[in-house]
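Comments concern the structure below.
The values are calculated or read from the model by the stated rules, or taken from the named source; none is laboratory data. Remember, predicted model here, so these are calculated numbers, not experimental data. Every residue, glycine as well, gets a Cβ built from its backbone with ideal geometry; the counts of neighbours run over all protein chains shown. Heads up: the accessible areas ignore ligands, DNA and RNA and are worked out on the full protein's heavy atoms, side chains in. Shrake-Rupley method; radii C 1.70, N 1.55, O 1.52, S 1.80 Å.
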Amino acid sequence: MSSPTTRVVAGRQITFPVPVVSASISGAAFLSRTAVARRLIAAGPQSAILDSAGAEPVSLPGGRTPVTMIHVRYHDVPGNVLGGYHEVGLAFQVKVPGVGVQQHIHELPVDQDFTLAAGNELWGFPKWKGDMVGTAGGALDDARLGAVGSSGAGGIDLKLDTRLGVPLPGRHSLGMNCIQVLDGKPVLVRAGAKVAGGRFRPLGGARVAIASGAQDGDPHIARIAEAVRELGLDRARALATFSFERFEAEFQAPRTLS
């Protein structure tokens, strides 16, 4: 039985807040055309953030929107409720009336079934299943989304290199505030994270490559490859690249926008 603080996913009871006790993360931030970001959101299954919540992509001078790509490795340890898995994310900054600037996760492929179900059912995260590998959190993360061992065909490669970056000593707190769509309604998802073992590289350090054949196989891979191409991420220089060897978080229950 579910309650305001619990939900049942695939026969398992999940209690909020949902903890991540051990993970590693790498990522990069870019600027892309606001018009493209909006068109991608409007054409996708989470367009209610525009239609119902009135959200719009943040538009900086020159009509550019901050876009982030991440690779996370959730370790297979006790306490990680959703298990061990890889995750690749594509997110936009959006401004929500009465709320402020939030992240909107546009694509969130994972490589395990339970986290796929939990992410979609608990928070409205747009998870789908795909093959992926990489060394998230390290100074060099050669991540791949797509068929592993396919000699580079039909996938997306995400190289995140902070070896020339500066160390970020100590432990840091981060807020992760998202707007998503759950059961057809916009919701706010709050998470607090703590990170350590970080490195930060401004102006560079990331390379996104679309392998030949990416648009000819898995329709999910084809869709994210087209988004990468339209946003120009395969040609862009990153604003910054980051990595954290240690990533912990707590994800709160979603809150419907009033």
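For the pair LYS95 and VAL133, label points projected 7 Å from Cα toward Cβ lie 4.4 nm apart.
Straight-line cross-link partners of LYS194 among the aspartates and glutamates, defined as a Cα under 12 Å from its Cα and at least 8 positions apart when in the same chain: GLU245, GLU248, GLU250.
Please give the Cα centre distance for the range 181-258 versus the range 1-41, rounded to the nearest Å. Here the answer is 11 Å between Cα centres. For the chain, the alpha-carbon radius of gyration amounts to 0.96 times the rule-of-thumb value 2.2 N^0.38 Å expected for a compact globular protein. Among the trypsin sites (Lys or Arg not before Pro) within the range 186-258, those in coil by DSSP and having at most 16 neighbouring Cβ atoms inside 10 Å are ARG235, ARG237. Its alpha carbons give the range 125-258 an Rg and a Dmax of 16.9, 49 Å. The residues of the chain expose on average 44 square angstrom of accessible surface per residue, using a 1.4 Å probe on protein heavy atoms. Each residue of the range 226-233 is assigned a 3J(HN,Hα), and the resulting list reads 5, 5, 4, 5, 5, 6, x, 5 Hz, derived from the Karplus form 6.51 cos²θ - 1.76 cosθ + 1.60 (θ = phi - 60°), x at Gly and Pro. Here the Karplus curve 6.51 cos²θ - 1.76 cosθ + 1.60, taken at θ = phi - 60°, turns the phi angles of the range 198-205 into couplings of x, 9, 9, 10, x, 6, x, x Hz, with x standing for Gly and Pro. Residues whose amide H lies under 5 Å from that of ALA240, counting only those 5 or more places away or on a different chain, are ALA29, LEU203, GLY204; hydrogens are built 1.01 Å from N in the peptide plane.
Computed with a 1.4 Å probe on the full set of protein chains, the accessible area for VAL88 sits at about 10 Å².
For the chain, DSSP calls about 95 percent of its internal beta bridges antiparallel. Ranking of PHE200, PHE16 by solvent-accessible surface, largest first: PHE200, PHE16 (1.4 Å probe, protein heavy atoms only, all chains present).
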